[in-house]
Protein chains: 4
Amino acid sequence: STSTASHLPYGRSTDKIFAPYSVYKGKAALSADPLLPTFSKLESGGLKVDRRGVIMLTLWPAIGERKYDWDKRQKFALSATEVGSLISLGSKDSCEFFHDPSMLSSCLILSNAGQVRKSLSIKAHADGSGYFISLTVANNVLKTNDRLGVPVTTAEFAVMRTAFTFALPHIMGWDKYTNQRPQSANLS
Amino acid sequence: STSTASHLPYGRSTDKIFAPYSVYKGKAALSADPLLPTFSKLESGGLKVDRRGVIMLTLWPAIGERKYDWDKRQKFALSATEVGSLISLGSKDSCEFFHDPSMLSSCLILSNAGQVRKSLSIKAHADGSGYFISLTVANNVLKTNDRLGVPVTTAEFAVMRTAFTFALPHIMGWDKYTNQRPQSANLS
Amino acid sequence: STSTASHLPYGRSTDKIFAPYSVYKGKAALSADPLLPTFSKLESGGLKVDRRGVIMLTLWPAIGERKYDWDKRQKFALSATEVGSLISLGSKDSCEFFHDPSMLSSCLILSNAGQVRKSLSIKAHADGSGYFISLTVANNVLKTNDRLGVPVTTAEFAVMRTAFTFALPHIMGWDKYTNQRPQSANLS
Amino acid sequence: STSTASHLPYGRSTDKIFAPYSVYKGKAALSADPLLPTFSKLESGGLKVDRRGVIMLTLWPAIGERKYDWDKRQKFALSATEVGSLISLGSKDSCEFFHDPSMLSSCLILSNAGQVRKSLSIKAHADGSGYFISLTVANNVLKTNDRLGVPVTTAEFAVMRTAFTFALPHIMGWDKYTNQRPQSANLS
């Protein structure tokens, strides 16, 4: 009896899951899905978070009625702390995050730093009926400056808050700390 | 050693679960249970949500003291966003959802569109002591117009809010994104 | 390869778990732990909740300094809806539940109905700094009337609220609705 | 077919997990991670919590720009009730916990009691924009008195609140009470 190679070495499924939460609006669409952390095995036998997980937001523009251009998508990876900021927003609150992807890149072309800048803004509607989420991407090399924005209702934001709250311990890797399945020891 | 056919191809148990949350009141009864999404396998090896999950509400009328007629039940399938709306209702808030099941049907008899219309209303009691949940189903073909309503206490609504909050990531398929069970890699 | 008899027929571990949350105060102690539902297998192959789960509260009296008499314990089984009431209590709210265990007993000695009555009261401190939880058990047969009470701080109540919120879907049986473990299909 | 020794006798993974949530500030750094309870097997076949779990906070000082001295770390183990206190803090609230580790030690050198005292203070910023978390450790034997403090933003505290709320049932051992995995009975 063998189990097939359905796991990465340290317990992560190889099957990529596609279950984004998406909202389609007049000028653009927005989707969100979690990206789990990776773990590396320590010589001591333990598992250590290697690369932190994120919640990936993707926005892409409308190019006609109910038509959207996926090729023009822009992404913004929310860290655990940025997720914490988002899920604790009051109905009148706003927040903004700034990323400079080049600074985080593993290819160390330092001169690239600052050449692509992203900012994500979440701004409450004045009447508390939802938020406007907009993503600005400035690329100094390509001389482009994209801005994509999506209005999100209170109900849609409640889905995001609930799903992000669920996902947060998973992107932190805390779901690996678990006592579940006392019966495992009896599998033989 | 083999595992019996206890799973759908992509990890979903074949055993249907019956664990509805039900409340029985004077004129009707209400029950709620989650219906999980289905997944399809991509050629790349990933899993993609095929049909979104819902929380299914069922209402059926009383026909005597503590007697209810299950044959006259009406159903309303709450989407993720409608669940988001419900779980974020304040104690004085109300909301209403409209469905036109024919428009969503896979059999493309377009002339049916609009012939069955459903609306679900959740209305706060004036004193904040709970909600009145009512479902109206208008069938233009059968010339019927059913209305079923159930008062729900704050405590009962708290159960629904908590259980729906728990279920929401599951009907979205987000519970498939998980790092759990580091020990799996050692099953051999 | 076989799995040992570590499960009840329908997926419940046989190992009873003892992990109560307990608070010890001057006149009595209080503990809480969940009791899971039981399921029966339908001929169709599905699983149906048989007996609903509860959160069991146990109170027992102090009989000296840091000494408590477990033999004099009294129990109160909170239903899902009563748990809903408890976890949605505001810091100034109170609630009370009444049980008549004889009416629920499976031995149909109807004349017993009403001979043992229990009531559980959760009363907010006037200053919002916690609650007083008291259990009254009146036994008309034994002519006894026990009352046990425990003050609970805001922090202790927060533990109960969080743990009960976690446990609620489990005592309802909703944790059986799950998409987890996509890798299962690959066990062979 | 055998499962390797990937579990402690009673269902706990042997792999130690390292996935702390850390914040690095000017004068010190703070990290938090859960420490699960241990269980002992009863003769009756049940499992009983042996040693309660905690959330371990670790603070260690900065010794230069972006340099921190891990050797000078101090730890504070939050009990379930202290976690309850932390996660229910309002944005203007503060709390303080006192530990006397010697009193809890299993080596019964009573004269040590009181010789090491720790206190953890969580104080809201006046403007509600976060908290200041500080740990004081007074060692009467070594004649030392360390104080480490870290300002925590609202977003960072939201991560802690969400992750601690997730972890609380796990450190209590309540995640062992579970109905999940109906399919288990079919593994053969």
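The values are calculated or read from the model by the stated rules, or taken from the named source; none is laboratory data. Worth saying up front: this structure is predicted, and the values here are computed from it rather than measured. All Cβ positions, even for glycine, are placed from backbone atoms using ideal geometry, and neighbour counts span all protein chains on display.
There is at least one residue in the range B:49-59 that is among the hydroxyl-bearing types (Ser, Thr, Tyr), modelled with pLDDT of 90 or more and either surrounded by 14 or more Cβ atoms within 10 Å (Cβ to Cβ) or out of contact with any Ser or Thr (no Cβ under 7 Å at 6 or more places or on another chain) (or both). If the condition is being touching a Leu at 6+ places or on another chain (Cβ under 8 Å) and in contact (Cβ under 8 Å) with a residue 60 or more places away in the chain, then the range A:64-77 contributes only A:Gln74. For beta carbons closer than 9 Å, sequence separation of 6+ or different chains, a first residue in the range C:42-53 that is more than 18 Å from C:Met172 (Cα to Cα) and a second that is among the β-branched types (Val, Ile, Thr) and not in a strand (DSSP E or B), the qualifying pairs are C:Gly45/B:Thr14. Looking across the range A:34-69, just one residue is part of a loop (DSSP other than H, G, I, E, B), hydrophobic (A, V, I, L, M, F, W, C) and over 24 Å from A:Phe97 (Cα atoms), and that is A:Leu42. If the condition is being aliphatic (A, V, I, L, M) and either facing chain A (nearest Cβ under 7 Å) or without any contact (Cβ under 8 Å) to a residue 24 or more places away in the chain (or both), then the range D:146-167 contributes D:Ala155, D:Ala158, D:Val159, D:Ala163, D:Ala167.
Listed by first and then second residue, the pairs linking a residue in the range D:129-140 that is of a type in the set (Ser, Thr, Tyr) to a residue that is outside any strand (DSSP E or B), with Cβ atoms under 8 Å apart and 6 or more places separating them unless they lie on different chains, are D:Ser129/D:Thr154; D:Tyr131/D:Leu89; D:Tyr131/D:Ser94; D:Tyr131/D:His125; D:Tyr131/D:Phe157. Take the conditions surrounded by 18 or more Cβ atoms within 10 Å (Cβ to Cβ), among the acidic types (Asp, Glu) and at pLDDT 95 or above and apply them to C:Glu96. Does it pass? Answer is no for this residue. For the residues B:Ser91, B:Ser85, B:Ser31, the requirement of being of a type in the set (Gly, Ala, Ser) and assigned to a loop (DSSP other than H, G, I, E, B) singles out B:Ser91. Pairs are defined by a Cβ separation below 7 Å, a sequence spacing of at least 6 or placement on different chains, a first member in the range B:168-180 that is more than 7 Å from chain A (Cβ to nearest Cβ), and a second member that is part of a helix (DSSP H, G or I); the pairs so defined are B:Ile171/B:Ala80; B:Asp175/B:Pro169. Just checking, does the range C:75-85 include any residue being closer than 22 Å to D:Ala80 by Cα, modelled with pLDDT of 95 or more, out of contact with any strand residue (DSSP E or B) (no Cβ under 7 Å at 6 or more places or on another chain) and buried (at least 17 other Cβ atoms within 10 Å of the Cβ)? Yes, the range C:75-85 contains at least one residue that is closer than 22 Å to D:Ala80 by Cα, modelled with pLDDT of 95 or more, out of contact with any strand residue (DSSP E or B) (no Cβ under 7 Å at 6 or more places or on another chain) and buried (at least 17 other Cβ atoms within 10 Å of the Cβ). Number of residues in the range D:24-45 that are under 18 Å from D:Phe164 (Cα atoms) and at the interface with chain A (Cβ under 8 Å from one of its Cβ atoms) equals 4.
So, of the residues in the range B:31-48 that are within 17 Å of B:Ala77 (Cα to Cα) and more than 11 Å from the chain's Cα centre (by Cα), which turns out to be surrounded by the most Cβ atoms within 10 Å (Cβ to Cβ)? This residue is B:Pro37.
In the set (1) closer than 24 Å to C:Gly84 by Cα; (2) more than 15 Å from the chain's Cα centre (by Cα); (3) at pLDDT 95 or above; (4) not β-branched (Val, Ile, Thr), the condition left unmet by B:Gly128 is number (3).
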